[in-house]
1. Please enumerate the residues belonging to region 29-63 that are open to solvent by less than 60 Å² (accessible area, probe 1.4 Å), assigned to a helix (DSSP H, G or I) and farther than 24 Å from LYS82 by Cα.
2. What number of residues within region 133-159 are part of a helix (DSSP H, G or I) and either of a type in the set (Val, Ile, Thr) or within 19 Å of PRO63 (Cα to Cα) (or both)?
3. Does LEU140 count as closer than 24 Å to ASP206 by Cβ and open to solvent by less than 70 Å² (accessible area, probe 1.4 Å)?
4. Within region 8-28, does at least one residue satisfy the condition of being among the small types (Gly, Ala, Ser) and open to solvent by 40 Å² or more (accessible area, probe 1.4 Å)?
5. In region 223-244, how many are without any contact (Cβ under 8 Å) to a residue 60 or more places away in the chain and surrounded by fewer than 18 Cβ atoms within 10 Å (Cβ to Cβ)?
6. Among the candidates ALA116, ALA70, single out the residue that is in a loop (DSSP other than H, G, I, E, B), touching a Ser or Thr at 6+ places or on another chain (Cβ under 9 Å), at pLDDT 95 or above and open to solvent by less than 10 Å² (accessible area, probe 1.4 Å).
7. Taking LEU108 as the residue in question, decide whether it is in a helix (DSSP H, G or I), surrounded by fewer than 17 Cβ atoms within 10 Å (Cβ to Cβ) and not acidic (Asp, Glu).
8. Name the pairs: first residue in region 198-211 and closer than 12 Å to LEU246 by Cα, second residue loosely packed, with under 13 Cβ neighbours inside 10 Å, Cβ to Cβ under 8 Å, at least 6 apart or on different chains?
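The values are calculated or read from the model by the stated rules, or taken from the named source; none is laboratory data. Note that the structure is a prediction, hence the values are computed from the model and not measured. All Cβ positions, glycine included, derive from the backbone under ideal geometry; neighbour counts span all protein chains shown. SASA here: full protein model, heavy atoms, side chains in, ligands and nucleic acids out. Shrake-Rupley method; radii C 1.70, N 1.55, O 1.52, S 1.80 Å.
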Amino acid sequence: MKLSFSSLTLINDPFDWAFDLEKMGFSGWEIVSEGRQKLDEENILRIREIASSTNLELTVHAPFSDLNLASLNQPVWSISVKQICDCIEAASGFASKVVVHPGVLSPLGAQLPDKAWEQNIEALNTIGKHGEEYGIEVVLENMPNIERMLGQRFEELTGLIENSGQKIGIALDVGHAYLTKTTKAFLANREKIAHVHIHDNLGRKDDHLPVGTGAINWRELLPELRKIKARFVIESRSIAEGKKSLENLKQFGVP
């Protein structure tokens, strides 16, 4: 099982510890292009240095704060698509994949859900083409049990992808699937999964706890997850919690 580290909440300089990820036991880093990790010119230079001096496989999580691929407000929709396309372009020199979130039904979108769905599909069509142009594999992530978020169920996520007409993969977020009770549906279609996020929760909200500290039965789940041919990203709230996930996974016989 190939394991990467990722954390959105590291708002301080992430480059102080990135060089040490291999020593910790990680073989990859998923950069979240927000806050101090945003793919601006300065950070890209530092990321290239990390890429050239380590064996880490780098992937990128596209920005998602305040963006909405299903927005019916055209300027908001346009800038949302542009920011993700810009992220793909910026990541193309060092990353293999870019993870994208589906959209959410705004108050207007909740009144016109079919139109919001069409907006999301059109956005993915543009993003998928951009990924192909820049040699980046775009993967779409399933969402947690938050009202009005699109892409919570396997069928809904694949519906967005198939209707986009683009070669977009599935990024299975195991914590999200546990919350929406869709784990079996995703695992039944494991051949379509190109990327995996792992973290734990208590079954009520998206806690992003270390693996093995929540309600997910990892001893039962891990044998099935290991059948997926993909990179696994431990999404943590801190370096310490990322290490805790690694320690607990070792107790479960991983890697």
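1. Answer for region 29-63, where residues must be open to solvent by less than 60 Å² (accessible area, probe 1.4 Å), assigned to a helix (DSSP H, G or I) and farther than 24 Å from LYS82 by Cα: ILE50, ALA51.
2. Start the filter on region 133-159 by keeping residues that are part of a helix (DSSP H, G or I), which leaves 133, 154-159.
Add one more test, that the residue is either of a type in the set (Val, Ile, Thr) or within 19 Å of PRO63 (Cα to Cα) (or both), and what stays is 157-158.
Total satisfying the criteria: 2.
3. On the way: closer than 24 Å to ASP206 by Cβ: yes; open to solvent by less than 70 Å² (accessible area, probe 1.4 Å): yes.
The answer is yes for LEU140.
4. First pass over region 8-28, keeping only residues among the small types (Gly, Ala, Ser): 18, 25, 27-28.
Filter again for open to solvent by 40 Å² or more (accessible area, probe 1.4 Å), leaving 25, 27.
Yes, region 8-28 contains a residue that is among the small types (Gly, Ala, Ser) and open to solvent by 40 Å² or more (accessible area, probe 1.4 Å).
5. 5
6. Values: ALA116 fails: in a loop (DSSP other than H, G, I, E, B).
Answer to the selection: ALA70.
7. Numbers: in a helix (DSSP H, G or I): yes; surrounded by fewer than 17 Cβ atoms within 10 Å (Cβ to Cβ): yes; not acidic (Asp, Glu): yes.
When the stated conditions are applied, LEU108 passes them.
8. none
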